[in-house]
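K.L.:
Here's a structure for you.
Any read-out appearing in this document is the output of simple, stated calculations on the displayed coordinates, not a laboratory observation. Owing to the predicted nature of the structure, the values given are computational and were not obtained by experimental measurement. Counting neighbours? That spans all protein chains shown, and the Cβs are built from the backbone with ideal geometry, glycine included.
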């Protein structure tokens with residue numbers, strides 16, 4: 001069956017069929033090979049314009065969108081919260097309608113999922129979710145591409161274990177992605193943390209159709225036979241005041257060499273969306289250590305070790321975002 005995604009928005013993987021996600025991954029593999037071969041003389045987005053709206057700062061998301069656009073011939077405008085009147089002097093609806101007249105696509109990175117949904121509803125052009133509080137779909141595409149490059153198994157035989165705060169957007173995004181692609185997913189974190197029941201129910205409903213398995217566990221046994229151990233920082237932007245309680249709660253779920261060995265898989269991949277606290281070479285990690293808190297969600301030994309593919313994963317943000325842009329614009 002032919003896949004045509006032109007004009008669609010990319011707000012969550014829940015909006016896409018397994019075949020459509022497969023199409024985007026195959027396109028990303030192709031576009032990555034094209035870039036590696038230096039074939040950039042037939043830009044797919046020539047004459048197109050894309051605006052990036054950032055309410056949350058980023059390194060990978062901004063750079064990935066900008067390089068993806070530029071490689072394929074599109075022009076990019078970057079607007080942070082200080083550079084736009086959206087929500088301040090101009091309503092979100094009005095802003096969306098204006099930007100839709102200027103641009104062929106809109107990327108949004110911020111907090112509320114409803115913002116990216118409203119941008120799609122009012123702008124009349126494709127809108128791309130660069131991260132919200134409850135989802136991070138472009139990251140999951142990059143992660144799946146990375147798994148396919150490093151793991152001989154097909155995705156529907158891969159087991160992913162997310163370690164740490166199982167209520168965060170990466171855990172939810174992985175739950176959606178694994179459900180769609182028939183994978184095994186384990187949310188491994190403190191029993192006191194509860195996943196949003198609507199998120200869990202939605203993922204399980206899809207899993208029932210695709211043969212995926214979605215599990216939630218506080219038991220170290222849950223990591224056994226994992227193909228991927230995944231982690232994220234323990235406190236997102238704006239949650240710094242919660243760090244003391246998060247450190248106390250999540251330290252038992254720090255990714256260590258011992259945890260990797262507990263998988264029983266010597267080839268298990270360590271993955272992380274980045275940025276990561278894995279050493280004390282950042283201002284934030286140093287400041288919290290001086291206060292008596294070790295905020296590292298993964299040890300430096302694992303982060304820099306042979307099982308880690310975090311920088312391949314980071315690069316793949318560009319290739320998968322390029323696939324999304326080219327397919328939908």
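K.L.:
Using Cα pairs under 8 angstrom and six or more residues apart, how large is the relative contact order of the stretch 18-74, in percent?
P.N.:
In percent, rounded to a whole number, it is 45.
K.L.:
Now a separate question. Please give the length that would be gained between residue 201 and residue 42 if that part of the chain were fully extended, namely 0.36 nm times their separation in residues minus their C-alpha to C-alpha distance (nm, one decimal).
P.N.:
Full extension of this stretch gives 52.9 nm more.
K.L.:
Quick one: which of 288-299, 33-44 comes out on top by average Cβ neighbours within 10 Å, and what's the full order, highest first?
P.N.:
The packing order, highest mean first, is 288-299, 33-44.
K.L.:
Follow-up question, since we're still on this one. Compute the distance in nm between two label points, each set 7 Å from the Cα along the Cα-to-Cβ direction, one at residue 156 and one at residue 289.
P.N.:
Spacing of the two 7 Å Cα→Cβ label points: 4.7 nm.
K.L.:
What's the ranking of 166-179, 220-233 by average number of surrounding C-beta atoms within 10 Å, highest first?
P.N.:
Going by the mean number of other Cβ atoms within 10 Å, highest first, we get 166-179, 220-233.
K.L.:
Modelling each spin label as a point 7 Å along the Cα-to-Cβ direction, I'd like the residue 209/residue 59 distance in nm, to one decimal.
P.N.:
Simple spin-label model gives 3.8 nm for this pair.
K.L.:
Which three extents, in whole angstrom, do the alpha-carbon atoms of the stretch 1-118 cover along their principal axes, largest first?
P.N.:
Sorted largest first, the three principal extents are 45, 30, 27 Å.
K.L.:
What is the Cα centroid distance between the stretch 59-100 and the stretch 166-218, reported in whole angstrom?
P.N.:
Spelled out, the Cα-based centre of one part sits 31 Å from the other.
K.L.:
While we're looking at this one, here's another question. Return the distance in nm (one decimal) between the two label points of a simple spin-label model at residue 217 and residue 26, each offset 7 Å from Cα along Cα→Cβ.
P.N.:
Rounded to a tenth, the inter-label distance reads 3.4 nm.
K.L.:
Specify the angular offset, from 0 to 90 degrees and rounded to the nearest 10, of the alpha carbon long axis of helix 310-328 from the longest principal axis of the alpha carbons in the chain.
P.N.:
With rounding to tens, the tilt is 30 degrees.
K.L.:
With axes computed from alpha carbons, what is the tilt in degrees of helix 169-180 against the longest principal axis of the chain, rounded to the nearest 10 within 0 to 90?
P.N.:
The answer is roughly 80 degrees.
K.L.:
Grab the Cα-Cα distance for residue 19 and residue 251, subtract it from 0.36 nm times how many residues apart they are, and report the gain in nm with one decimal.
P.N.:
Residue separation times 0.36 nm, minus the Cα-Cα distance, leaves 79.7 nm.
K.L.:
Let me make sure I get this right: for the stretch 28-186, a, b and c are the square roots of the gyration tensor eigenvalues over alpha carbons, sorted descending. Under 1.5 in a/c it's rounded, otherwise prolate if a/b > b/c, else oblate. Which is it?
P.N.:
oblate
K.L.:
Return a whole-number percent for the relative contact order of the stretch 28-180, with Cα pairs under 8 Å and 6 or more residues apart as the contact set.
P.N.:
Here the relative contact order equals 19 percent.
K.L.:
While we're here: If you take the beta carbon distance between residue 225 and residue 192 as r and set R0 to 22 Å, what does 1/(1 + (r/R0)^6) give as a FRET efficiency, to the nearest 0.05?
P.N.:
Given R0 = 22 Å and the Cβ-Cβ separation, E is 0.30.
K.L.:
How big is the C-alpha Rg of the chain next to the rule-of-thumb value 2.2 N^0.38 Å, as a ratio?
P.N.:
0.98
K.L.:
State whether the stretch 253-329 is rounded, prolate or oblate according to the following rule on the C-alpha gyration tensor (a ≥ b ≥ c being the square roots of its eigenvalues): a/c under 1.5 gives rounded; otherwise a/b larger than b/c gives prolate, and the remaining case gives oblate.
P.N.:
It comes out oblate by the Cα gyration axes.
K.L.:
How high is the relative contact order of the chain, in percent, counting Cα pairs under 8 Å that sit 6 or more residues apart?
P.N.:
In percent, rounded to a whole number, it is 20.
K.L.:
A further question on this structure: For residue 301 and residue 242, what does the FRET efficiency come to when R0 = 41 Å and r is the distance between their Cβ atoms, rounded to the nearest 0.05?
P.N.:
0.95
K.L.:
A further question on this structure: Given R₀ = 30 Å, what would the calculated FRET efficiency be for residue 3 paired with residue 98, taking r from the Cβ atoms and rounding to 0.05?
P.N.:
FRET efficiency, residue 3 to residue 98: 0.45.
K.L.:
Given the Cα-Cα distance of residue 79 and residue 112 and 0.36 nm per residue of separation, how much length would full extension add, in nm?
P.N.:
Result: 10.2 nm gained on full extension.
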